[in-house]
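Have a look at the structure below, then the notes.
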Amino acid sequence: MNFIQQADGLPGNSAELMQGLPVAVYTTDKQGNITFFNEAAAELWGHRPVLGKDQWCGSWKLRHLDGRIMAHDECPMAIALREERDVRWGQAIAERPDGELIPFRAHPVLLRDEKGKVVGAMNTLIDMRSQTQADDARIRLAAIVDSSMDAIVSKDINGIITSWNDAAERLFGYTPAEAIGRPVTMLIPTDHLDEEGSIISRIRAGERVPSYETVRQRKDGSRVPVSLTVSPIRDGIGRIIGASKIARDISATKESERRIRLLMREVNHRVKNQYSVIISMIRETTKKTSTPQAFLDQVRERIMALSESHDLLVSAEWRGATVAELVGAQIKPFAAQDRVSVSGPLIVLEPNAVQYLGIAFHELATNSAKHGALSHQAGRVEIAWQVADAADGIGMFRLVWRELDGPVVDGMARQGFGTVVLKRVAPQALRGTSSLEFDKGGVVWSLEAPMSSVETSFAAALA
């Protein structure tokens, strides 16, 4: 199309046509003097140039893409007129009077008369802000995908993998080169293949598949539990062309759930054991108490002793407690530390042993404080333990509670609850044997039991 330039603008029809365009358009004469601009151009520049006076471009100021100042005679329009050639999409930044920077692309084309002589040029300016924002958004999205701790995989509508981030490689073991172009079913165990058909059907219908837990297969054949979310991918006109899958490794969560279930079963077992002990306490205490108040006091003391052992187990996450810790917790209410001697190797008692030995230590300490060595100023208690090999090679735990410099004691010979615990309950619970003697210096209680019933693994206790 040929336009004959006028100093004061364009012919009426052409001017009206370009004025209605949604993109910035302006024209110049051969010398670069601006002869016309539409409102879209004025909007982009934030400035209205003087027709016939301002040259090359209507921008208030121009900059190169790297931010350097660009002289108006360096702009794409000036180059086109000076070199008498069209310039395909030159790029620059327009600086508005308010300081706002507008990146744009320019496409100046020469205007010629009937003889082909250059009489001016027309420039079309494309505001790049929306494109720049889209590019920035794509860059940010790509960075998020690349740095995500979750595996993010896209596939086309036929289930062929089209993208694969670093987390997917870490989770499934395939490199991008090994995964892209292959069917996503390579990640799905054979007994879960029916999931893919259902997912594809929902994606084609435009549905987003909310997070659900399933299992996927690694390159080495091992399975990994994942939380999976699937969303449709659309093209520029809204057609569904594929799906994006986000897979989160929930192995740690599943392991935690398993451990919690085991712990709850263990706690349930321990609580039932404690119920049995408490019922036995109540039954035996009822036989030996003369008043309701005495009964309440003794039951309360024994339940508190169980609570002390329970606290030790809870603080160690139910892994156990050392013999010294258990003795210290049970004897602390009854005696000063300097009146009790504790000696023996470091042994971490398993939870069952903690509970039953705790009850035994409480009964011994209670009797000693009321009737035995700890009821006298000079009385002392020695608690010592060791590990010895039995004839069959099985390690045996041997513990002795010995009271010294106390009165002759016969109080426990009445077959009260304490005697039942020391002679029957504790040794039977630990698959061992015990003896209870009343020496002239005080009570002597010894226990022997297999280490397998007493000790938990020290490494496991510290895990």
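The values are calculated or read from the model by the stated rules, or taken from the named source; none is laboratory data. Computed from a predicted model, the values in this text were never measured in an experiment. Reconstructed Cβ throughout: ideal geometry from the backbone, glycine too, with neighbour counts over all protein chains shown. With ligands, DNA and RNA removed, areas are computed over all heavy atoms of the protein, side chains included. Shrake-Rupley method; radii C 1.70, N 1.55, O 1.52, S 1.80 Å.
What the table shows:
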item: Region 61-72, residues that are over 50 Å from the mean Cα position of the chain (by Cα) and in contact (Cβ under 8 Å) with a residue 24 or more places away in the chain; result: K61
item: Filtered residues of region 193-240 (kept if without any contact (Cβ under 8 Å) to a residue 24 or more places away in the chain, in contact with a helix residue (DSSP H, G or I) (Cβ under 8 Å, 6 or more places away or on another chain) and among the hydrophobic types (A, V, I, L, M, F, W, C)); result: L193, V209
item: Candidate set from region 368-378 (those that are touching a Ser or Thr at 6+ places or on another chain (Cβ under 9 Å) and open to solvent by 10 Å² or more (accessible area, probe 1.4 Å)); member that is farthest from G406 (Cα to Cα); result: A369
item: Residue that is nearest to H310 (Cα to Cα), among those in region 330-354 that are open to solvent by less than 20 Å² (accessible area, probe 1.4 Å) and at pLDDT 85 or above; result: V354
item: The listed residue being more than 17 Å from L436 (Cβ to Cβ) and in contact with a helix residue (DSSP H, G or I) (Cβ under 9 Å, 6 or more places away or on another chain), out of E363, E403, E325; result: E325
item: Members of region 341-383 found to be within 14 Å of V443 (Cα to Cα) and hydrophobic (A, V, I, L, M, F, W, C), listed by number; result: A360, F361, L364, A365, A369, A373, L374, V381, I383
item: Among residues of region 212-230, those that are closer than 16 Å to T253 by Cα and among the hydroxyl-bearing types (S, T, Y), counted; result: 3
item: Helices (runs of 4 or more DSSP H) wholly inside region 145-222 containing at least 1 residues that are at pLDDT 90 or above and open to solvent by less than 50 Å² (accessible area, probe 1.4 Å); result: 166-172, 176-179
item: Selected residue (criterion: nearest to H47 (Cα to Cα)) from residues of region 73-105 that are of a type in the set (A, V, I, L, M) and in contact (Cβ under 8 Å) with a residue 40 or more places away in the chain; result: A94
item: Index of the failed condition, G52 passing every other in (1) surrounded by 17 or more Cβ atoms within 10 Å (Cβ to Cβ); (2) over 55 Å from the mean Cα position of the chain (by Cα); (3) among the small types (G, A, S); result: (1)
item: Members of region 317-329 found to be surrounded by 21 or more Cβ atoms within 10 Å (Cβ to Cβ) and outside any loop (DSSP other than H, G, I, E, B), listed by number; result: A321, V323, L326, V327
item: Matching entry among R88, R112 (being at pLDDT below 90, more than 30 Å from N165 (Cα to Cα), of a type in the set (D, E, K, R) and open to solvent by 30 Å² or more (accessible area, probe 1.4 Å)); result: R88
item: In region 261-316, the residues that are over 43 Å from the mean Cα position of the chain (by Cα), at pLDDT 75 or above and exposed (fewer than 12 other Cβ atoms within 10 Å of the Cβ); result: I279, T291, P292, Q293, R300
